[in-house]
Amino acid sequence: MFEAELAFVYTFLLGAVGLALTVLIDRARRWHCYRALVLFLFSLFVILSGPFVFLHYPSAQYIYIAAIVPAWLLLFPCFYLYTQALTSPVPWQFNRASMWHFIPACLSCVLSASLIQLPESELFAIFFAEGDVELAADARFTVGLIITLMLFWPVQSLLYVLMAWRKVMNYRRKLQAVFSNTQERELNWLIVVLILMLFTWCWLALTLFQDLSAQPTLLREGGVAVLSTISIWFVLFWSLRQKPGFDKIYGFTEQFDVTGDEHRVVAKDRSDVKYQHSALSDEQSKRIAQKIHRAVVAEQLYLDPDLTLYRLAESIGVSANYVSQTLNQTVGQSFFDYINKARIDAAIKLLLADDKTVLDIAMTVGFNARSSFYKAFKAHTGMTPGEYKKTARASR
């Protein structure tokens, strides 16, 4: 009974993935980032099609089993490349560096293609471990390589999940160097998916290293099915509506100096290294800091909820690199923190002056969401708006 329910779940997911593929293929013609996602979902489609193939097309079972190893080896590299595409400061494209990620999958394709050409009796003995067929030396060698690749997959998958996690964490710092509001760009759903992937990996490792044969099937297969289903639904729901985080400012980010495949967007914890070859003097930096203060505070540029580093640089007639360097080294704040500090200072005056609602105050001073206002307010004051107002009134 459980196996039938499991087959139904995977068949349902198969249909959902197939539907998403039909939508994304059209987008992939225009946006390279969706090409990595299409490859990821196609690999997932192959993996999920197992119960359907065995139930309705048993004659294709050998082809499916031969294809599933390349699909598994393609799955996590493609997801990592999709993460890289979403977090890239410039329009992402497949390049030579991207191709290296496909070497294990390509190697397994060659091995699977050579294996599938064997007689059916030998295939049955290999895939189902039955029969007394003596395999030729080259067939045994091919099978050994495939098994090696299968054993390599757990290491590969964990490595790519950790690499994707690091990519998202670095991306968050890059956002704060450029945007004054980052809430809609933070890719929180992607972090949830990566956490679910880690849980799934740990669950699979548990079934490998601990004898669960005496436990219910649900503990062995159901846990993986549940975690996989949730992860897939998160990916399908959000990927269809997610755009690259820097897509609206690609024309500006391309003006930054390039180091390797990544553009040199400011990271506060590495600002000294980032600007060690800069021609900006201390005196120039101080003058730029005054211009920034005048534009942001006196001219109230912070009221623009979509304010970016490039918009600020344009308004004061200074390059974005110099503005970023001044904020990080002279002022000691990221662009995000500097703008939100100005907004919070203005919000405090409104909070103590009248009876406007917190949401009205948040929108008035340039925030685009109540939650981001609360988060910024507490980060700069150590209190929520309500606590701050109560404390201020008590001290009068």
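When only residues in region 365-392 that are of a type outside the set (A, V, I, L, M, F, W, C) and in contact (Cβ under 8 Å) with a residue 40 or more places away in the chain count, which is surrounded by the most Cβ atoms within 10 Å (Cβ to Cβ)?
Among those that are of a type outside the set (A, V, I, L, M, F, W, C) and in contact (Cβ under 8 Å) with a residue 40 or more places away in the chain, it is G366.
Quick check: is even one residue across region 290-308 of a type in the set (S, T, Y) and more than 19 Å from T381 (Cα to Cα)?
yes
Condition first: of a type in the set (A, V, I, L, M, F, W, C), at pLDDT below 90 and in a loop (DSSP other than H, G, I, E, B). Can you find one or more residues in region 355-363 that meet it?
no
Looking at P77, P89, which one is in contact with a strand residue (DSSP E or B) (Cβ under 6 Å, 6 or more places away or on another chain) and not charged (D, E, K, R)?
Within the list P77, P89, the selection yields P89.
To keep it simple, each residue is scored yes or no on (1) touching a Gly at 6+ places or on another chain (Cβ under 8 Å); (2) over 19 Å from M150 (Cβ atoms).
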{"residue": "G15", "(1), (2)": "no, yes"}
{"residue": "A36", "(1), (2)": "no, yes"}
{"residue": "F45", "(1), (2)": "yes, yes"}
{"residue": "F52", "(1), (2)": "no, yes"}
{"residue": "Y57", "(1), (2)": "no, yes"}
{"residue": "I65", "(1), (2)": "no, no"}
{"residue": "P77", "(1), (2)": "no, no"}
{"residue": "L86", "(1), (2)": "yes, yes"}
{"residue": "V90", "(1), (2)": "no, yes"}
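Okay, residues lined up against (1) in contact with a Ser or Thr (Cβ under 8 Å, 6 or more places away or on another chain); (2) part of a helix (DSSP H, G or I); (3) modelled with pLDDT of 90 or more:
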| residue | (1), (2), (3) |
| --- | --- |
| G144 | no, yes, no |
| M150 | no, yes, no |
| V168 | yes, yes, yes |
| Y171 | yes, yes, yes |
| M197 | yes, yes, no |
| T200 | yes, yes, no |
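Would you pick out the residues in region 214-238 that are of a type in the set (F, W, Y) and either at pLDDT below 80 or outside any helix (DSSP H, G or I) (or both)?
none
Among the listed residues S49, S59, S88, which satisfies the condition of being over 25 Å from Y250 (Cα atoms) and modelled with pLDDT of 85 or more?
From the options S49, S59, S88, the qualifying one is S49.
The values are calculated or read from the model by the stated rules, or taken from the named source; none is laboratory data. Note that the coordinates shown come from a computational prediction; the quantities given were computed from them, not determined experimentally. Virtual Cβ from ideal backbone geometry, glycine too; neighbours counted across all protein chains shown.
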